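The values are calculated or read from the model by the stated rules, or taken from the named source; none is laboratory data. Owing to the predicted nature of the structure, the values given are computational and were not obtained by experimental measurement. Here the Cβ is made from the backbone with ideal geometry for all residues, glycine too, and neighbour counts use every protein chain on show. Please note that ligands, DNA and RNA were not included when accessible areas were found on the heavy atoms of the full protein model with its side chains. Shrake-Rupley method; radii C 1.70, N 1.55, O 1.52, S 1.80 Å.
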Amino acid sequence: MYPWLTTTFQQLAKRKHTNKLHHALLLQGSLGIGKTEFAKEFASYVLCAKSSPDHACGECQSCLLQRAGSHPDFHEVLSEKQIGVDQIRDAIKKLSGSAQLSGAKVLIIYAAHTMTEASANALLKTLEEPTSNTFLLLVTDKAERLLPTIISRCERILMPPPSLSQTQSWLLTQWQDPVDEEFVQLYAHAPLILLDELQQEQGVSYEAFKQGLQQLMTQQINPSKLAADWQEQVEKLLSWLQFWLHQTVKKRASLSPQLWQLHQEAIKAVKRVRNPGVNKVLVLNQLLSDISLIKNQ
Ligand SMILES: [Zn+2]
């Protein structure tokens, strides 16, 4: 288990062990902190026939089946874009009979906020009156998009993001090469995204990003060329620019109105490109043009 989620896991496990666990949990927390892995591991714990107060035994039939990915009482719903009503109905059907291993039954719904209204409504009755010894784990990073009727039938479990130092220590166990300290700060509270970025072999690296900015501010590259180089990953690079500007503002001894203004523009740009139909490269180009003028002041 990820160190920053250990306490939450132990608290829930203890409640399961003493039969005080709510049957529907809403596992809520930001992206990149390990909610998916947490839900799977907790499901294994719930299904385990010989669990101790804080971990699954790893040896019983249930644990072995779970490890093999073939536990008959473990079900998952996930979708690339939207969870349709048929997926929910199928899942409910699977939960309706008695457990095949005479233990608990578990259903995990990943990205639960992507349920359509019909899907959510189809789930309501099961959330209210589940079959016995059935546990539903709804996972989300956008709880505000869930219907209030869903939220009110679940117990909300807030999953904490790690601190910067927790991320730093964890990263040492996952990645051998040195990492730019600023980059670690950028993803301090989303360590799984950080690791994923480090493992990416394609696309713009943080090092290349900083080099590009340096060239931009020393007029070695023009904004439209840089925007074109970065056009495949505009949203990510805009969020990097927002972070970089924030760091730059913080580093200055005195407040620079120009930098402050640029930081505000970056925040707006990050939001603007989320809207459909926006010319993202144009938004990026505009911000880069403004950044290219920093040195001239
Ligand atoms: Zn077990």
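Under 18 Å of direct C-alpha separation, and excluding same-chain neighbours fewer than eight residues apart, Lys93 reaches these aspartates and glutamates: Asp73, Glu76, Glu128, Glu129. Mean projection of the Cα convex hull over all viewing directions, computed for the stretch 200-297: 6.2 nm².
Of the cross-linked pairs Lys142/Lys251; Lys14/Lys94; Lys125/Lys268; Lys81/Lys251, those separated by over 30 Å at the C-alpha level are Lys142/Lys251; Lys125/Lys268; Lys81/Lys251. For the chain, the share of accessible area belonging to carbon and sulfur comes to 50 percent (1.4 Å probe, ligands and nucleic acids excluded). Across all directions, the shadow cast by the convex hull of the stretch 1-103 built on its C-alpha atoms averages 7.3 square nanometres. Average accessible surface for the stretch 192-259: 57 Å² per residue, computed with a 1.4 Å probe over protein heavy atoms with every protein chain in place.
Subtracting the Cα-Cα distance from 0.36 nm times the residue separation, let me have the gained length for Lys81 to Leu101 in nm, one decimal.
Computed gain between Lys81 and Leu101 is 3.9 nm.
Computed over the chain, the quotient of the alpha carbon radius of gyration and 2.2 N^0.38 Å is 1.21.
Divide the volume of the convex hull around the Cα atoms of the stretch 131-221 by the residue count and you get 186 Å³ per residue.
Here the label points at Gln200 and His17, each 7 Å from Cα along the C-beta direction, are separated by 4.1 nm in the simple model.
The calculated FRET efficiency for Ala208 paired with Ser169, based on their beta-carbon distance and R0 = 30 Å, is about 0.65.
Ranking Val184, Ala56, Ser102 by Cα position along the charge dipole of the chain, where only Lys, Arg, Asp and Glu carry charges on their C-beta atoms, puts Ser102 farthest toward the positive end. What number comes out for accessible area per residue over the stretch 3-158 if the probe is 1.4 Å? Units Å², please. Per-residue accessible area for the stretch 3-158 comes out at 50 Å². Between rounded, prolate and oblate, where does the stretch 28-177 land on the alpha carbon gyration tensor, with a ≥ b ≥ c its root eigenvalues, rounded for a/c under 1.5, else prolate if a/b exceeds b/c? Oblate, because a/c is 1.5 or more while a/b does not exceed b/c.
Seen from Glu155, the other residues with C-beta closer than 14 Å to its C-beta sum to a net charge of +4, counting Lys and Arg as +1 and Asp and Glu as -1.
Cα centroid separation, the stretch 98-177 to the stretch 198-230: 38 Å. Peptides 271-283, 231-243, ordered by how many other C-beta atoms sit within 10 Å of their residues on average, highest first, read 231-243, 271-283. Here is how the number arises for the chain: DSSP H runs of 4 or more residues each give -39500 (n - 2.57), the sum is divided by the residue count, and the result at 222 nm is -15500 deg cm²/dmol. Neighbours of Trp240 by Cβ distance under 13 Å: Lys/Arg scored +1, Asp/Glu scored -1, total -3.
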